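The values are calculated or read from the model by the stated rules, or taken from the named source; none is laboratory data. Quantities reported herein were computed from a predicted structural model and do not represent experimental measurements. Cβ placement follows ideal geometry from the backbone for every residue including glycine, while neighbour counts extend to all protein chains displayed.
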């Protein structure tokens, strides 16, 4: 009888990947980042554990979207108080905080709960092409 292999935390080797989002579609960058963060690209993937790698996304301000999403895509948040619903479209969000657009797209593709929060901590997003993670020796990842 064959046994199913389940990797232990100390056996998991983690790498860092660098994604340049300049002139790339938002959804395609987010999917690629979520797969790497989750660890689905590895043979030792298990849905109940964090086997993923770290991801650094640069040039988030130069991301593209298709169609009329710049005006039609709306980000909503609610404070919990009456009249506390805030709506911001993608164009305004990209002007104010472009890194947050990529961060939210990836976060919503990850599982909810403690596992998703731990996985999300390995995502670093920067609006321009400067980042402070040279010591991790990130591999460049094409999208």
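Of note, residue 61 satisfies the criterion of being surrounded by 14 or more Cβ atoms within 10 Å (Cβ to Cβ) and within 23 Å of residue 122 (Cβ to Cβ).
Of the residues making up segment 107-143, those that are surrounded by 15 or more Cβ atoms within 10 Å (Cβ to Cβ) and in contact with a strand residue (DSSP E or B) (Cβ under 6 Å, 6 or more places away or on another chain) are 122, 123, 124, 125, 126, 131, 136, 138, 141. Within segment 1-21, the residues that satisfy the criterion of being without any contact (Cβ under 8 Å) to a residue 40 or more places away in the chain and within 28 Å of residue 124 (Cα to Cα) are 8, 10, 11, 12, 13. I'd like to check something: does segment 60-81 contain any residue that is in contact (Cβ under 8 Å) with a residue 12 or more places away in the chain and within 12 Å of the chain's Cα centre (by Cα)? For segment 60-81, residues in contact (Cβ under 8 Å) with a residue 12 or more places away in the chain and within 12 Å of the chain's Cα centre (by Cα): present.
Residues in segment 36-53 include none that are more than 21 Å from residue 113 (Cα to Cα), touching a residue at least 40 places away in the same chain (Cβ under 8 Å) and not in a loop (DSSP other than H, G, I, E, B).
Taking the condition of being farther than 26 Å from residue 45 by Cα and over 14 Å from the mean Cα position of the chain (by Cα), how many residues in segment 109-134 meet it?
Residues meeting the conditions: 6.
Of the residues screened, residue 101 is not one that is within 21 Å of residue 19 (Cα to Cα), surrounded by 14 or more Cβ atoms within 10 Å (Cβ to Cβ) and at pLDDT below 95. Take the conditions (1) in contact with a helix residue (DSSP H, G or I) (Cβ under 8 Å, 6 or more places away or on another chain); (2) part of a helix (DSSP H, G or I); (3) over 16 Å from residue 118 (Cα atoms); residue 57 misses just one of them, which is (2).
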